[in-house]
Structure formats: C-alpha cells, structure tokens
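The values are calculated or read from the model by the stated rules, or taken from the named source; none is laboratory data. It should be emphasised that the depicted structure is a prediction, and the values quoted were computed from it without experimental measurement. Positions of Cβ are generated from backbone atoms using ideal geometry, with glycine treated the same way; all protein chains shown enter the neighbour counts. Just so you know, the surface numbers come from the protein's heavy atoms only, side chains and all, with ligands and any DNA or RNA stripped out. Shrake-Rupley method; radii C 1.70, N 1.55, O 1.52, S 1.80 Å.
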Amino acid sequence: MYLGEASGLPLGAATRDAFGVALKELGASNDRLVTVDGDVGNSTRTEPFALAYPDRAFNVGIAESNMVSVAGGLAACGKIPVVASFACFLLDNAFDQIRMSVAFPQLNVKLVGSHAGISIGEDGPSQMGIEDVALACSLPGVTVVVPSDAACTTAATKACLELDGPTYLRVGRGKVAIVYPDGCPFELGKAITVREGSDATIIANGLMVPGAIDAAKMLEADGISCRVIDLHTIKPIDRDAIAAAAKETGAIVVAEEHLHHGGLGSAVAQVVAETAPVPMGFVNVGDQYAESGDPQGLLDKYGLTAAAVADAVRQAHGRK
Amino acid sequence: MPELSLDDLKSKATEIRELIIRITTEAGSGHPTSSLSATEVVTALYFGGFMNYDPKKPDDPNRDRFILSKGHACPVLYSAMAEAGYYTTDEIMTLRKLGSPWEGHPNMRRLPGIEASTGSLGQGLSIGIGHALAGKMDGKSYRTYVMMGDGEMGEGQVWEAIATAEKYALNNLTAIIDQNGYQQTGATKDVLDLSKFQPKIEAFGWHVQTINGNDMGEVVAALKTARDVTDKPTCLVSQTKKGYPVVPLLEAEGDPNYHGKPFSPELAKKALEMIG
C-alpha cells in the first residue's frame, strides 16, 4: 500500500517528472534558462528541455565537480543554470564546488537533486540521496525545497527559477500520491496546512506528506486530532507556522525520507526549542544506510510508514 | 585597455612586485612567492593590450575576464588591479585585515572586478568555461583567461574542465599554468609529478605553448599567438620561478619555496632593493 492510499489519495506523477515538464515549459519563455548535465538528463528529466533547446543544454559528462563550477560561471554571466543530477552525486560529490562556486559567491544556480531518498529502490544505497538536505541546509543563503507531489513540484520549480539566488530542489524517482488535486498553493518559505487538528501536529515533506495524512486519519480512532503541515521549504523555514503548531497542538512529529541528522527534523526542532518547546518525535531513515529492494518494501522495513508516524504521534502526545 | 611597450611592461611588473611585497609584509601573512612568479603574465594581461576592461564598469558584459584560480596568489591580482585603477594602492595595504574586502583569497562579492571567488583549488577553469560558454551563447567576443598553479593541476576537476573545453571548442578560453615548480610542502615534481603539461594537454586537443613565464617578451608573444588561435582552447605553460626575481634571498634564508610566508621587514627591504 503506497503512502496516501489509506486516505484515498490517487497515485500521481513522480516529482522528477513534474520538474522536467515544468522546466521545459518555463524554458520557452525564458531564454536565460540553461541546463548543465552530468550525463543523467534522462533520469533527472532535464532531457525534454535539452531536446527542445539544444543550444541551451550542456552535457559535460560524468564530472559533477566541473558541472557545478561551469554553472557558477554561467550564472556570473547572467544565465540561470539548472544543474540536475542524482541528489547524492550532486550534493555529496560536488559539495565543495557548490560551496565555493555557488553558495559563497551567492550565484543564481538552481540545483536539482533527483532520486532522493530510499524509495529509489533496487539500485541500492550508493544511489540514494539521504544526506542531501543536511548538506544543502548547511550552506548559507541557499534555499532548500522538498516538494511533496507533482503539483507542488511544478509550483516549486517555477518559484525556484524565479528567485534570484541559489536554490536546491529535491525530487524523487517513483510515483507519489496526489496531495494537491486542485493545484498547490505554493509560496517559498510558507508552510501549507493540509489538515487541521488540535492535539498534535505532523510536519512532513516529500512523500511523507501523504504518509502523514494517512497517520492523521489512523489517529482519529485514538481520539487524537492531528494537524498535518507540508513544510516544503526547509530554508528559509516558516518559523511562525511551526511555533503556532507547537503552541496550539502541544506535540510535534517530523517525518521525512532522510537521515536523522541535519534534515527537516533538525530544522524544526531548532525552531521549536527557540519558540515553544513541546514533546517531539522523529520519523526518518535513522542513522544508517539502507539496502537494495523494492521501494515499498524499503519504506516498510526502514519505518517510513503511516503506522510509524502514528506511533510517534501517540508517544509525543502522551508526553504532553 | 592599456597597451604598454615591452620596456614599460617590465617597469609595470616591477611596480606590481613592489606592491606584492609591501602588502604581504604589512599583512604579516600571505603568499608573496606564489604571486611573484605570476607577475609577468598578470602584468601583460592587464597592461599589454590583451584585456578589454574599464575599472569604472567592472560588470560590462563585453569585458574580457581574468580568473585567478590559484587564489592564494591574489596579492598579484590586487596589485595589478590597483595599478589599473580599480582601487588605490593605499586601499590594498589593508590586505587580510578585519573588515577589508582585500581578503586572503579573492571574494567576488566584496570586490568589483573579481570574476570568481577562489581559494579552493581546481575550480577556476570550470568557472571560466561557464564564462566562455555564455560568451558564445550571447555572440560576444570577449576572452576568458584562467590562471592555475602547477600544484593545482593535481585536482581532478581541472582535467574534467580541460576535456569539456575541447568538447565545446572554446577558442575564447585561455588557460595559464603558472609552473613555478613548488607547492605547499615541496617541489611539485616530488609531490605529484604532472610536469609535462604540454603533451598531456595537447592530447586533449588544446593549443599549448611552453614559455619562460618570467620573460616579458615571451609572455607577450605567447599571449598574442593564443589570441590568434581560432579553432580550439589555448594554454600557456608558463614556466616560472617561485619568488622571482628574489630567489637568491630565499635560498639564503634556507627555503627557496617560501610558501605562504610573508617577508619579514628586513627581508622585504632586501627584496625591494633587489627588484628596484
């Protein structure tokens, strides 16, 4: 059972597909947009852009360090380079280039990490970007966005490209549930409350947003009214939404497809600690690498399930 | 775009060397010897008619670009740019001091005319490729020069960039390797010997010249030749001496490399006398 299915959310497009469609569409009206690819464009979905605008697409080969710094140079000349690779190869492999050629000079480079999380499945842990959010969030001045579904990704892609400054957009490989059937009310840095509730709050991003919706539904049987917040933008973070959730519901659980350290959980906990300390719980991949396997099996085995989120809410709620 | 005679270029190089020594000794830290080796090339670029620039319009989209990938040699860049009129020679005396934009490595956010923030070796040539590709996309005729160190050539990213420049036939890109023979802990040939740069880079499809990079006449001639190459990226293997021309003083100090060390006031005095 996919995340969101228990709530009746239909399965939609993968977020990488939504990104690719949006990129190509935005490329038609903005000739400053260029792509710099490390020969994975058919995976990251920059390929449709490259086929439509071959003069604005540069495939520099399997050379991520060079790829990122070339983008820095293009941005310094007024281009808007979109650099997409697997999240792990982009953030982990080329981190110093992102630091020195993008973040430190605050150049207008759009980083896109695909195949994020353990739900990529069979290719295994070497291909799983699960440190990427921590790495991206560590960089001053870089906006970090993890959209939950296709509509959210479409809006996030547009918002990132319109922002003047470095951004990191994280997208996934597989199909995910549709959270926003009528379009996403997306605004960079502004959390979306997808379900109201008064006893606890689940703050999630990516495919854990539908997982959180499932969990909130499960918790109805426990008599726990659970708010669900899609915190798509981790940097800059929506402090007001987090503080309000802490004050109004008194318990917070953070769910994400990322390692325990340095991701959404860490970011939310800092804000909670500074504004309105309340009991918290964390659902994530933990402090470990995963393994090969089918995506659903991996999510189940590593505890990225609605049941795990619901359990974490019960525990945090019980500590109020 | 100043275009000085050979004699005037040599005089300008001397002025720039004097500044390098003064500002690093005043700072009490920095990399004077890495800067001194590169002085002829940087002087020729800014004053030999090779770079079109206007200190009053540092963001002119048509300007030629110089990226100092070996960012630790920024005293030569700051000194040349002060001589060129981007800043005053008094201002750069604040090198490395708290609050000064003349930081220990170039920071493009704080100083006009600095094309890239460098200091983490190996990235400048890739950044230069970005400038060169943008120039081609926009139909502009500017040239991008990137200077690297010979020790820096150990960075794998440099070779990724060399291959990429060939792919896009970037005839508007010139790489300069300041081959001064030393890196942080010793002679480059002893650390990681990549020294036969010409055949290596020619094998990547570049036009390569090996020159005495402390001979202004050779530097000017090679830069002219590079400018006239129309079908491929160009490279100057600029063989220099680290600390040129005060190497005998450094040898007398027992450290011909003298990496990342400022001259003491006494040594600076001797060096200035030797240069002048």
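Kindly indicate whether B:Ala222 is away from chain A (no Cβ under 11 Å), of a type in the set (A, V, I, L, M) and in a loop (DSSP other than H, G, I, E, B). So B:Ala222 fails the test. Look at (1) out of contact with any helix residue (DSSP H, G or I) (no Cβ under 7 Å at 6 or more places or on another chain); (2) open to solvent by less than 20 Å² (accessible area, probe 1.4 Å) and you find that A:Leu90 fails only one, number (1). Scanning segment B:12-36 for residues that are under 15 Å from B:Asp215 (Cβ atoms) and hydroxyl-bearing (Ser, Thr, Tyr) yields a single hit, B:Thr14.
For segment A:137-157, which positions are in contact with a helix residue (DSSP H, G or I) (Cβ under 6 Å, 6 or more places away or on another chain) and in contact (Cβ under 8 Å) with a residue 60 or more places away in the chain? Correct list: A:Val142, A:Val144, A:Val145, A:Pro147, A:Ser148, A:Ala150, A:Thr153, A:Thr154, A:Thr157.
Identify the residue in segment B:89-108 that is of a type in the set (Gly, Ala, Ser) and open to solvent by less than 40 Å² (accessible area, probe 1.4 Å) and, among all such residues, is farthest from the other protein chains (Cβ to nearest Cβ). This residue is B:Ser100. Of the listed requirements (1) open to solvent by 50 Å² or more (accessible area, probe 1.4 Å); (2) within 21 Å of B:Ile211 (Cβ to Cβ); (3) hydroxyl-bearing (Ser, Thr, Tyr), B:Thr39 misses just one: (1). Checked against the criterion of being assigned to a helix (DSSP H, G or I), open to solvent by 30 Å² or more (accessible area, probe 1.4 Å) and away from chain B (no Cβ under 14 Å), segment A:96-117 contains not a single residue that satisfies it.
Scanning segment B:1-19 for residues that are under 18 Å from B:Gly85 (Cβ atoms) and modelled with pLDDT of 95 or more yields B:Glu3, B:Leu4, B:Asp8, B:Leu9, B:Ser11, B:Lys12, B:Ala13, B:Glu15, B:Ile16, B:Glu18, B:Leu19. From the list B:Ala226, B:Ala222, B:Ala187, which one is in contact with a Cys (Cβ under 9 Å, 6 or more places away or on another chain) and open to solvent by less than 50 Å² (accessible area, probe 1.4 Å)? That would be B:Ala226, the only listed residue that is in contact with a Cys (Cβ under 9 Å, 6 or more places away or on another chain) and open to solvent by less than 50 Å² (accessible area, probe 1.4 Å). Screening segment A:279-304 for residues that are out of contact with any strand residue (DSSP E or B) (no Cβ under 6 Å at 6 or more places or on another chain) and buried (at least 19 other Cβ atoms within 10 Å of the Cβ) and picking the one that is farthest from A:Ala316 (Cα to Cα) gives A:Pro295.
Yes/no per residue for (1) part of a helix (DSSP H, G or I); (2) acidic (Asp, Glu); (3) at the interface with chain A (Cβ under 7 Å from one of its Cβ atoms); (4) crowded, with 20+ Cβ neighbours inside 10 Å:
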{"site": "B:Arg110", "(1), (2), (3), (4)": "no, no, no, no"}
{"site": "B:Ile127", "(1), (2), (3), (4)": "yes, no, yes, yes"}
{"site": "B:Leu133", "(1), (2), (3), (4)": "yes, no, yes, yes"}
{"site": "B:Lys136", "(1), (2), (3), (4)": "yes, no, no, no"}
{"site": "B:Met147", "(1), (2), (3), (4)": "no, no, no, yes"}
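A:Asp132 passes every criterion in (1) touching a Lys or Arg at 6+ places or on another chain (Cβ under 8 Å); (2) open to solvent by 10 Å² or more (accessible area, probe 1.4 Å); (3) closer than 30 Å to A:Pro10 by Cα apart from (2). For segment A:226-266, filtering for residues that are open to solvent by 10 Å² or more (accessible area, probe 1.4 Å) and not in a helix (DSSP H, G or I) leaves 11.
Name the residue, out of B:Glu83, B:Glu155, that is more than 9 Å from chain A (Cβ to nearest Cβ) and charged (D, E, K, R). Show your work before the answer.
Numbers: B:Glu155 fails: more than 9 Å from chain A (Cβ to nearest Cβ).
None of the others qualify; the one that does is B:Glu83.
Restricting attention to segment A:41-77, which residues are more than 12 Å from chain B (Cβ to nearest Cβ) and within 20 Å of A:Gly129 (Cβ to Cβ)? Those that are more than 12 Å from chain B (Cβ to nearest Cβ) and within 20 Å of A:Gly129 (Cβ to Cβ): A:Gly41, A:Asn42, A:Ser43, A:Thr44, A:Arg45, A:Thr46, A:Glu47. If I filter segment B:36-58 for residues that are in contact with a Ser or Thr (Cβ under 9 Å, 6 or more places away or on another chain), over 19 Å from B:Thr225 (Cα atoms) and without any contact (Cβ under 8 Å) to a residue 60 or more places away in the chain, do I get at least one hit? No, every residue in segment B:36-58 fails to be in contact with a Ser or Thr (Cβ under 9 Å, 6 or more places away or on another chain), over 19 Å from B:Thr225 (Cα atoms) and without any contact (Cβ under 8 Å) to a residue 60 or more places away in the chain.
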